[in-house]
Structures are given as C-alpha cells and as structure tokens.
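See below for the structure under consideration.
The values are calculated or read from the model by the stated rules, or taken from the named source; none is laboratory data. Quick caveat, the model's predicted, so the values are computed rather than measured. Here the Cβ positions follow ideal geometry from the backbone for every residue, glycine too, while neighbour counts run over all protein chains shown. Note: accessible area is taken over every heavy atom of the protein model, side chains too, but ligands, DNA and RNA are not part of it. Shrake-Rupley method; radii C 1.70, N 1.55, O 1.52, S 1.80 Å.
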Amino acid sequence: MIADNMTQAFQWTFNENDQEFSLHGSLRPQRADELNGCFSAMEQSVAKVSGKFYVNVRRLVRMNNVAFHAFAGKILDLVRSRSDLSVHVTTSSVVGWATRKFAVLETMSDKITVSEYDNEFYPGQSFVEDSEFIHVLRTQTKLTWRHEKELLRKHGLKPGMQVADICCGIGDFAVLLQKEFEPDRLVALDHSRSSLDYARRVAADFGIRGIDYVFGDAADMLLEDNQFDFVTCRHSLQVFDQPELILKELYRICKPGGRVYVTNEKNSHCLGEPRSESIQWTYNEVAKLWHHFDMDIEIGPKSRRLLIDGGFENVTIGSFMVNNTDGDPQDFADVIASWKNLFAGKMAQERGDSPEFIERFAKGFDDHIFAALHPKGYAGWPIWVASGRKPL
C-alpha cells in the first residue's frame with residue numbers, strides 16, 4: 001500500500017510492503033509543529049511495521065535545522081518506545097549533507113543505522129569511472145554514433161523535443177544529440193562529478209550551448225515527473241545490479257506518450273576472425289567477470305522484457321554491429337585495448353584471478369585486436385537498442 005501527502009514543496013510516502021517511509025522535496029519549516037501531519041503519518045506507518053523500519057531521505061533536497069532536530073527526536077522516540085523496532089536511514093551521496101547529518105543518530109542509539117545508498121547500489125562504479133577509461137569512451141561513441149543517429153530518428157527522436165540523457169558519462173553523446181537534433185531542452189545527468197566536469201569541458205571545446213548538466217542518481221533522480229518527450233540511457237542498465245529501478249525512474253520522468261531509449265551489450269557475442277576460438281573464450285569470460293561484480297554485460301537482448309515489465313508499450317528492439325570497417329580500424333583496436341587493460345587488468349586482479357588465467361584472458365583481447373587490424377580480418381562488437389512508449 002502506498003500512502004501519499006502532496007504539498008508544493010514536500011511530500012512523504014509509505015510503502016507497507018517494504019516498510020519504508022520516504023521523504024521528498026524541500027523541508028524547511030519555521031516551527032516543529034508544522035511537521036505534525038508528517039509525524040502522525042509516520043506513527044501510523046510504524047504501527048504496521050515489525051522488525052526494521054526504513055526511513056528513506058535520498059530525495060530530500062533541503063532540510064533546515066528545525067526539521068532535522070524534529071525528525072531526529074522522532075526517530076529516537078520510536079526506537080525507545082518499541083523494544084522490537086530498529087530504524088535504518090538511507091541517504092544518498094547526491095544529497096551530500098544528508099549522510100553527515102543523519103550519521104549522528106548512530107552515535108545516539110545502537111538501534112539506528114545509516115547507510116549511503118549509492119555505495120551499495122553501484123558495485124562496479126569505480127571501474128567504469130576510471131579516469132584512464134575516459135578517452136576510449138569518446139572513441140566508442142564515435143564508432144556507435146554513425147549507427148545511432150539514424151536509429152534515434154527511427155525510435156522517434158525529432159528536433160525541438162524535451163530530451164534527457166541519463167547516465168550521460170563524459171557528455172559526448174549529449175553534444176552529438178544537441179548538434180544533430182537541436183532539442184528545445186536537453187538535460188544530461190550523471191552520478192560522477194569527474195565525468196560531468198569533463199562533459200562541461202567537452203561542450204565548451206565544441207562551443208556547444210544549451211545542455212543542462214546535472215549531478216544525480218539515476219535510480220532516484222531529483223527531476224520532476226512527466227518532463228521529457230525522449231529519454232536516453234546508453235550502456236548503463238548493464239552496470240547496475242538492479243536495472244529495473246533505473247527504468248522506473250526513466251519511466252517517471254518521461255511524458256505520457258514519450259519514449260525511453262536504451263542501449264546495452266551482450267559481450268559474449270563479440271567476434272573476430274581470424275583467431276575466433278580464442279576471442280570467443282575471452283568474451284565468454286568477460287560476462288562471468290562482470291557477473292562477479294554484480295553487473296550484467298549480457299543484458300542487451302533482455303531489454304525488451306525489462307521495458308515491458310517496466311510498464312512501457314509499443315516496445316521496439318534491434319541490434320547493430322560496430323566493427324573494424326566503421327572508419328579507421330585502429331579506433332576499434334584502441335577500444336579493445338582499453339577493454340583488455342580494464343578487464344584483464346584491474347577487474348581480474350581484484351577478483352583474485354591467477355597469473356595463468358589473466359595471461360590467457362588477455363590473449364583473447366590481443367587476438368581481437370589482431371583481427372581488427374588484419375587486412376582481411378573482421379572484428380565486431382554488438383549493441384542492442386530498445387525503446388518503449390510511456391502510455392498516455
């Protein structure tokens with residue numbers, strides 16, 4: 001059951017199934033008694049809970065001291081009055097002050113715990129945000145754009161739309177969107193401050209204006225409902241261990257009748273000739289490696305099911321093959337080399353793989369590079385593209 005209270009600046013909801021009480025928006029009362037309605041709802045919610053009560057403040061953008069002291073007192077009262085009850089407060093690094101404030105409660109009661117949601121939810125983030133990987137992301141976008149700029153039209157993107165690029169990374173795709181489609185509004189959101197800093201520099205270097213770069217958590221965005229005609233999220237569902245939560249947010253910010261467009265991979269279908277057997281073995285192992293870190297680089301063909309399960313209609317799915325004939329073969333080889341450095345380097349070492357395994361693992365990438373640069377060779381990297389319409 002979901003219970004709601006709607007005000008202009010502040011909302012609260014209770015999900016009985018998850019035993020979670022969530023706070024949203026801006027909370028800046030002048031007096032504590034202005035929160036009586038919220039506290040009454042919280043007490044009614046707690047009455048339905050056994051064991052652990054979750055307080056979610058991930059989307060609480062602002063909170064003054066009056067509100068914090070009132071909520072801290074209420075949470076302490078709850079655990080003191082119920083011997084069977086413990087409270088877990090979930091914050092987000094996107095709203096940086098929240099963790100610092102609420103962490104104080106842990107020192108006041110051993111029945112209160114506080115955790116920063118992002119650290120648990122993005123297990124592979126340190127890999128995909130590696131600064132050494134940035135240059136190859138631009139090359140990857142260069143290779144995929146020649147396919148995607150036509151596919152985007154087929155999936156419904158038109159000039160003059162309200163567009164959001166979620167998990168925008170280093171921002172190069174947003175720049176291409178702005179130049180090719182001239183949206184009326186373009187918001188580019190990412191969870192990495194370093195990537196956004198780089199994105200702003202890229203836009204400045206190309207003299208691109210009109211992109212609103214936003215720091216945010218893709219699974220819990222501080223964007224209003226029903227804002228965008230077209231929402232993109234590329235190569236990102238595969239990085240999260242709960243992609244359905246990302247899709248829920250993409251659905252929320254999309255206008256009724258608008259579309260959400262996603263791209264993802266099935267890395268075990270990377271191929272090359274000659275030396276195909278070595279290449280195939282390595283990319284099968286890549287899938288296992290990502291699974292070890294709770295990421296799914298095989299998610300591409302699953303996109304249709306995920307979109308349908310997420311409530312979308314008129315779902316369209318297809319694939320294209322990036323290959324060594326898409327421009328300069330060396331560009332493709334450089335992408336593979338970066339995969340080798342990350343997958344057979346940092347990730348395999350952190351998993352604890354043996355030197356013998358890593359040597360064989362790395363050889364498959366070298367053989368893929370050989371195929372890409374061979375005058376008669378072929379090397380391919382498949383991308384799945386899917387989109388779904390939010391019902392009217």
Selection from the stretch 250-268 of residues that are open to solvent by 20 Å² or more (accessible area, probe 1.4 Å) and either more than 22 Å from E298 (Cα to Cα) or in a strand (DSSP E or B) (or both): Y251, R252, K255, P256, G257, R259
Where R389 falls short, out of the listed (1) touching a residue at least 60 places away in the same chain (Cβ under 8 Å); (2) open to solvent by 20 Å² or more (accessible area, probe 1.4 Å); (3) closer than 18 Å to M321 by Cα: (3)
Do the conditions hold for S268, that is, is it of a type in the set (S, T, Y), under 24 Å from K340 (Cβ atoms) and modelled with pLDDT of 95 or more? yes
Give just the number: which of (1) at pLDDT below 80; (2) buried (at least 18 other Cβ atoms within 10 Å of the Cβ); (3) part of a helix (DSSP H, G or I) does V94 not satisfy? (3)
Matching option when the condition is under 30 Å from F365 (Cβ atoms), in contact (Cβ under 8 Å) with a residue 40 or more places away in the chain and either of a type in the set (A, V, I, L, M) or open to solvent by less than 40 Å² (accessible area, probe 1.4 Å) (or both), among L271, L247: L271
Conditions: (1) surrounded by fewer than 19 Cβ atoms within 10 Å (Cβ to Cβ); (2) under 22 Å from A164 (Cα atoms); (3) aliphatic (A, V, I, L, M). A337 meets all but one. Number of the miss? (2)
If I go through the stretch 275-330 residue by residue, how many of them are part of a helix (DSSP H, G or I), touching a Phe, Trp or Tyr at 6+ places or on another chain (Cβ under 9 Å) and β-branched (V, I, T)? 3
From the list D353, D328, D296, exactly one residue is open to solvent by less than 60 Å² (accessible area, probe 1.4 Å), acidic (D, E) and farther than 23 Å from A386 by Cα. Which is it? D353
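Residue by residue through the stretch 333-392, note down the ones that are of a type in the set (F, W, Y) and at pLDDT below 95. Even if it seems obvious, please write down each step before you answer.
Of all residues in the stretch 333-392, those of a type in the set (F, W, Y) come to 339, 343, 357, 361, 365, 370, 378, 381, 384.
Answer for the stretch 333-392, where residues must be of a type in the set (F, W, Y) and at pLDDT below 95: W339, F343.
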Checking Q238 against (1) under 19 Å from F332 (Cβ atoms); (2) surrounded by 23 or more Cβ atoms within 10 Å (Cβ to Cβ); (3) not hydrophobic (A, V, I, L, M, F, W, C): exactly one of these is not met. Which one? (1)
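Given the residues A371, A379, A333, which is the only one that is of a type in the set (A, V, I, L, M), touching a residue at least 24 places away in the same chain (Cβ under 8 Å), in a helix (DSSP H, G or I) and touching a Gly at 6+ places or on another chain (Cβ under 7 Å)?
On the way: A379 fails: in a helix (DSSP H, G or I); A333 fails: touching a Gly at 6+ places or on another chain (Cβ under 7 Å).
Within the list A371, A379, A333, the selection yields A371.
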Could you grab the pairs with beta carbons closer than 6 Å, sequence gap of 6+ or different chains, first residue in the stretch 20-48 and under 14 Å from R62 (Cα atoms), second one open to solvent by less than 80 Å² (accessible area, probe 1.4 Å) and among the charged types (D, E, K, R)? H24/R59
Within the stretch 142-184, the count of residues that are of a type in the set (S, T, Y) and open to solvent by 10 Å² or more (accessible area, probe 1.4 Å) comes to 0
Every residue in the stretch 185-215 that is surrounded by fewer than 23 Cβ atoms within 10 Å (Cβ to Cβ), part of a loop (DSSP other than H, G, I, E, B) and touching a strand residue (DSSP E or B) at 6+ places or on another chain (Cβ under 9 Å), please. S192, G210
Since G156 meets every condition but one in (1) outside any helix (DSSP H, G or I); (2) more than 17 Å from W384 (Cα to Cα), which condition does it not meet? (2)
